[in-house]
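What follows is calculated from the coordinates using simple rules that are stated; it is not laboratory data. The model shown is predicted, which means the values in this text are computed figures rather than measured ones. Counting neighbours? That spans all protein chains shown, and the Cβs are built from the backbone with ideal geometry, glycine included.
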Amino acid sequence: MFDLHSHIIPSIDDGAKDMEMSLAMLEMAVESGTKGMVATPHVIEGEWLPTWDRILFDCDRLQKKAQNAGMEIPIFPGGEVALHFDILEKLKAPGPYCINGGRYLLVELPASHIPSFTDEFFFTLQARGITPVLAHPERHPELAKRPEILVAWIRKGILTQINGTSIIGHMGERVMAMAELLLINDMVHALGSDAHRLRNRNPNLTSAVAKITELIGLEKTQDIILKNPNHIIHSREVSISEIGEIQYPKKIKGVLGWLGRLWG
């Protein structure tokens, strides 16, 4: 599998605190079957704003340290870019802050709301040849209340990445319910650990993959953990399934049951 979202670079954001931790996280990823990781440090206007050159340098340094430790797992550069209109000045075309320097960009919404300029932000990126990949939409309260917003974005060509911790319940019942909803409606295109540490938010995705396989079957799971992320990393086209009327998990009785699970 490929891990499309990780904070594996040491001492650059709130992820791995030092090289020792980064290498231990990489070792955990390798042991759990991960074949490649995308390093996506926070890129937040006015807060964490590492240069692209620094991300490239730190990825290369970590890769060499990993190889010296006997780990051959590739580490691809990227960033988790917080949605902020001013950041568009640094995103003129595919390349800097995009996954592996290509055409796909991991984008994070503000935690509590969807800014009024979000559609314009996404459109601007797409007009510049950059395809947004929305990080962990299952965690967003507004999308949980109105998943049709996400449906509209996906229909416009925006991709999504869910977190392994979300689908196995480590982020709470509401987030897990939303992750399940997205999966059964073909609204997930890639998986990430969003790993920050060795304990609660770590790079072990095995339990998440087992849960996803149980929900949607092996073929669709392989698309999410192998085929699609491989295309994203190498700037190839990702096939987006047609989304019809939203279907709710069978164990939840319709939309009222769904809302009760979210807000109960």
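Quick notes on this one:
- Volume per residue of the C-alpha convex hull in the range 127-234, rounded to whole Å³: 107
- Between G192, G33, G46, the residue with the greatest mean-square fluctuation in the GNM of the chain (Cα pairs under 10 Å linked by springs) is G46.
- Over 22 Å apart at the Cα level, from the set K90/K227; K35/K211; K35/K220; K17/K211, are K90/K227; K17/K211.
- Signed unit charges on C-beta, dipole axis of the chain, positive-most listed residue I246, L88, F117: I246
- Relative contact order [Cα under 8 Å, 6+ residues apart], the chain, whole percent: 20
- Residue among N100, N68, N204 with the largest mean-square fluctuation in a Gaussian network model of the chain, springs linking Cα atoms under 10 Å: N68
- In this Cβ point-charge picture (+1 for Lys and Arg, -1 for Asp and Glu), the range 86-229 has a dipole of about 280 debye about its Cα centre.
- Note on S241, S22, S112, S235: ascending count of other Cβ atoms within 10 Å places them as S112, S241, S235, S22, the fewest first.
- Nearby aspartates and glutamates by direct alpha-carbon distance to K92 (threshold 19 angstrom, same-chain neighbours under 8 apart not counted): E45, D53, E80, E108, D119, E120
- Magnitude of the charge dipole for the range 2-263, about its Cα centre and with charges confined to Cβ atoms of Lys, Arg (+1) and Asp, Glu (-1), is about 420 debye.
- Among N230, N163, N200, residue whose mean-square fluctuation peaks in a GNM of the chain (springs only between Cα atoms under 10 Å): N200
- A dipole drawn for the chain from +1 and -1 charges on Cβ atoms has a positive end, and of L56, G164, A29 the residue lying farthest that way is G164.
- What the Cβ-Cβ distance of D14 and F57 gives, at R0 = 22 Å and to the nearest 0.05, is a FRET efficiency of 0.65.
- Bridgeable aspartates and glutamates around K65 (alpha carbons under 13 Å apart, same-chain partners fewer than 8 residues away excluded): D18, E20, E27.
- Order of H234, H42 under a 10 Å beta carbon neighbour criterion, fewest first: H234, H42
- Size of electric dipole in the range 116-190: Cβ of Lys, Arg +1 and of Asp, Glu -1, about Cα centre, debye, nearest 20: 120
- Restricting the range 31-91 to chymotrypsin sites (Phe, Trp or Tyr not before Pro) that sit in a DSSP loop and have at most 10 other Cβ atoms within 10 Å of their own Cβ leaves nothing.
- Among M187, M71, the order by Cβ neighbours within 10 angstrom, fewest to most, reads M71, M187.
- Restricting the GluC sites (Glu not before Pro) of the range 20-72 to loop positions (DSSP other than H, G, I, E, B) with no more than 13 neighbouring Cβ atoms within 10 Å leaves E47, E72.
- Residue (of H42, G101, A210) at the positive-pole extreme of the chain, dipole from beta-carbon charges: A210
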